[in-house]
Amino acid sequence: MGREEDAHLVTPDLLLRAYEAGIFPMAENADDPGLYWIEPKERGIIPLNGFHLSKSLAKTIRSGRFDVRINRDFDSVIAGCAAEGPDRRQTWINARIRSLYGALFDKGHVHTVEVYVDDQLAGGLYGVSLGGAFFGESMFHTVRDASKVALVYLVARLKRGGYVLLDTQFVTPHLAQFGAIAVRRARYRQMLARAMEARGDFFALPTDASAEDILQIIADQRV
């Protein structure tokens, strides 16, 4: 964890420059007024050509139970990510984090993948898009498998859009089941530099892509 920064001095443009340099901010908790710059010695990534999709999750996607939308309700997604749950007793998402990423959402650099059941938000994720990299920030679910479905749809969208890097910050047991790995800082910087030279298109995949379209893109291990 790096030095503390007065949260009010961090601007959306500074935040983008930090991501380009391999650094991201976090707060100690929701009530912490400051931000800390983080540059892990080992960085979590999910190789887009090595994403692991279980048969059971593929079956869930084919079931049609979930309706997936893009960039429909950023405020509700980040609120869901900040909420306490059985596996999350506190959050690093404070008021300044919400404001900064909301501003980047308005600028088109933050995107959400939202999963609905009967038109009610059941889970989702958000992250930062820059060049050919997508920096996943947080995910949540209130219905089983909803965040997993969001991740599958995100990976398909990144693959179709020509992205070359999916950054997860850290590797958790949850992410490891999808193929997340840790890379050393020097290697990560090389991957990030390559990604900054690319130009990912988050909207290359139509928003009405079918479940079979998504699964076919995931099955194609070429990037």
Study note, to complete from the structure: In units of 2.2 N^0.38 Å, the Cα radius of gyration of the chain is 0.96
Check your understanding: At a 1.4 Å probe radius, carbon and sulfur cover how many percent of the accessible area of the chain?
Key -> 48
Exercise for review: Calculate the length of the line joining the C-alpha centroid of region 126-201 to that of region 33-72, in whole Å.
Suggested key: 7
**Study point:** the chain, dipole about Cα centre (Lys/Arg Cβ +1, Asp/Glu Cβ -1), debye to the nearest 20
**Key:** 940
Check your understanding: Residue by residue, what Karplus-based ³J(HN,Hα) values in Hz, rounded to whole numbers, does region 50-57 have, using 6.51, -1.76 and 1.60 with θ = phi - 60° and x for Gly and Pro?
Key -> x, 5, 9, 10, 6, 5, 5, 6
Study note, to complete from the structure: With x for Gly and Pro, the residue-by-residue ³J(HN,Hα) of region 72-84, computed from phi through the Karplus equation 6.51 cos²θ - 1.76 cosθ + 1.60 at θ = phi - 60° and given in whole Hz, is 8, 8, 4, 4, 6, 5, 5, 5, x, 5, 8, 6, 6
Exercise for review: Using just the helices of the chain, give the 222 nm mean residue ellipticity in deg cm²/dmol: DSSP H runs with n ≥ 4 each add -39,500 (n - 2.57), and the total is spread over all residues, rounded to 500.
Suggested key: -10500 deg cm²/dmol
Practice item. Give me the distance in nm between label points sitting 7 Å out from Cα along the Cα-to-Cβ direction at ASP201 and GLN120, one decimal. Key: 3.8
Point to revise | Fraction of the pair-distance distribution of region 136-183 above 14 Å, Cα-Cα pairs, percent | key: 56
Revision key, fill the gap. Relative to the chain, whose Cα atoms define the longest principal axis, helix 95-106 and its Cα axis are tilted in degrees, nearest 10, by 60
Point to revise | As computed over region 119-204, the Cα convex hull volume per residue (Å³) | key: 91
Check your understanding: If contacts are Cα pairs under 8 angstrom and at least 6 residues apart, what is the relative contact order of region 9-118 in percent?
Key -> 35
**Study point:** Relative packing of 147-156, 60-69, which averages over residues the other C-beta atoms within 10 Å, highest first
**Key:** 147-156, 60-69
Review point. For region 92-139, what does the equivalent ellipsoid look like in terms of its semi-axes, each the square root of 5 times an eigenvalue of the Cα gyration tensor, given largest first in whole Å?
Key: 20, 14, 10
Point to revise | Solvent exposure of region 175-218 as accessible area per residue, Å², 1.4 Å probe | key: 59
Exercise for review: Take peptides 193-206, 43-56 and line them up by average Cβ neighbours within 10 Å, highest first, as a rough protection proxy.
Suggested key: 43-56, 193-206
Study note, to complete from the structure: Among GLY127, ALA58, VAL149, the residue whose Cα sits farthest towards the positive end of the charge dipole of region 1-153 (+1 at Cβ of Lys and Arg, -1 at Cβ of Asp and Glu, taken about the Cα centre) is ALA58
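The values are calculated or read from the model by the stated rules, or taken from the named source; none is laboratory data. Predicted model, so just to flag it, every value in this text is computed and none were measured. Note that each Cβ is placed from the backbone with ideal geometry, even for glycine, and that neighbours are counted across all protein chains shown. Calculation scope for accessible area: heavy atoms of the full protein, side chains included, ligands and nucleic acids excluded. Shrake-Rupley method; radii C 1.70, N 1.55, O 1.52, S 1.80 Å.
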